[in-house]
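Enquirer: I'd like to ask some things about the structure below.
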Amino acid sequence: MSYVCKKPMVLSGMQFSTGDMIPEGCILPARVSVLIRNQYIAEVNGEAGLTPVFPLACKEDSESNLIIIPIITKEGSLELPMTSQEIIKLLYILQLAEEETIGKISKIENETLLILIDRIKQRKKVKEAVTARVEVLKNAEHVEPDSEQTGESKGDA
């Protein structure tokens with residue numbers, strides 16, 4: 001019987017990610033039913049030879065080492081590319097208390113990170129802080145003149 005990994009895990013010393021096919025012999029027969037029941041693995045029909053697709057699972061873009069995070073919106077699905085370091089920063093911020101989160105938001109330069117915080121954190125003040133930060137970033141894009149075009153140099157005065 002063939003199995004596919006549904007949740008990241010280690011079997012027989014090998015790391016498996018969501019969607020990976022698990023070779024025969026990696027799973028002890030006594031553990032199969034427990035892993036299926038806890039949704040760590042799923043059986044794959046050997047005749048079809050198809051790998052199950054988990055449409056909302058995070059996937060890695062092997063060309064650029066980006067992880068694509070799917071977000072469901074009113075208009076449909078949105079895919080946000082993030083690096084592993086950005087995801088670590090996101091998870092750190094999501095664990096903070098409301099006031100600490102708002103303080104961190106005021107320093108974020110990455111709009112993708114702001115979008116995810118807005119979608120995940122449900123606190124009104126956090127959402128307001130994200131909206132305000134996005135406006136600041138948008139205004140900064142339009143206000144900052146290009147130093148080469150104006151002849152000004154950025155340096156010590």
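Readers should treat all values here as calculations from the given coordinates under stated rules, not as data from a laboratory. Since we're looking at a predicted model, the values are computed, not measured. All Cβ positions, glycine included, derive from the backbone under ideal geometry; neighbour counts span all protein chains shown.
Enquirer: Where in the stretch 103-117 is the amide nitrogen less than 17 Å from a point lying 7 Å along the Cα-to-Cβ axis of K127?
Expert: So the set is 114-117.
Enquirer: Could you please report the charge total around E135, scoring K, R as +1 and D, E as -1 over all other residues with beta-carbon less than 12 angstrom from its beta-carbon? Let's see the in-between values first.
Expert: Working: positive: R133, K138; negative: E111, E128, E141.
Charge balance near E135 sits at -1.
Enquirer: List the residues, sorted by chain then number, that are 5 or more residues from V44 or on another chain and whose placed amide H is less than 5 Å from its amide H.
Expert: When sequence neighbours closer than 5 places are left aside, the close amide H contacts are S2, Y3, V4.
Enquirer: Moving on to the next point. Can you give the extra length, in nm with one decimal, that the chain gains between V10 and R37 once fully stretched, where that is 0.36 nm per residue apart less the Cα-Cα distance? Walk me through the numbers before you get to the answer.
Expert: On the way: separation 27, 0.36 × 27 = 9.72 nm, distance 1.70 nm.
Result: 8.0 nm gained on full extension.
Enquirer: Regarding the stretch 58-133, what is the average projected area of its C-alpha convex hull, in nm²? Write out the running numbers ahead of the final one.
Expert: On the way: hull surface 21.0 nm².
Projected over every direction and averaged, the Cα hull of the stretch 58-133 covers 5.2 nm².
Enquirer: Which lysines have a Cα lying under 16 Å from the Cα of K89, excluding residues fewer than 8 positions away in the same chain?
Expert: In chain and number order, the partners are K104, K107, K121.
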